[in-house]
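K.L.:
Let me begin by handing over the structure; questions about it come next.
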Amino acid sequence: MPGSVRQLMIQVTRINHLPLVLNSDLIEHLESTPDTVISLTNGQKLVVRESVDEVVKRVIEFRRSIQVPNFPPDPYG
């Protein structure tokens, strides 16, 4: 996300087209039934428009973004 504030969670779209920002640490497992169902650690289930592969991709991108510090270049080298 060049030029924007770093995203803190992943965004998905509920089946009714409403956006939802989700803490990916709460994801227990994903199912394709054929709709994508996200089961959370608190027992809640969310049905979203994104595919399982897309949700996994967003989680991986999010995890990478928080593990790699975004320091400015070292002026000395």
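So that you can scan it fast, the table gives a plain yes or no per residue for (1) loosely packed, with under 13 Cβ neighbours inside 10 Å; (2) of a type in the set (F, W, Y); (3) touching a strand residue (DSSP E or B) at 6+ places or on another chain (Cβ under 9 Å):
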site: M9; (1), (2), (3): no, no, yes
site: I27; (1), (2), (3): no, no, yes
site: K45; (1), (2), (3): yes, no, yes
site: K57; (1), (2), (3): no, no, no
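K.L.:
Just one of (1) at pLDDT 95 or above; (2) in contact with a Ser or Thr (Cβ under 6 Å, 6 or more places away or on another chain) trips up V59, so point out which.
P.N.:
With (1) at pLDDT 95 or above; (2) in contact with a Ser or Thr (Cβ under 6 Å, 6 or more places away or on another chain) applied to V59, the lone miss is (1).
The values are calculated or read from the model by the stated rules, or taken from the named source; none is laboratory data. Quantities reported herein were computed from a predicted structural model and do not represent experimental measurements. We place every Cβ from the backbone using ideal geometry, glycine too, and count neighbours over all the protein chains shown.
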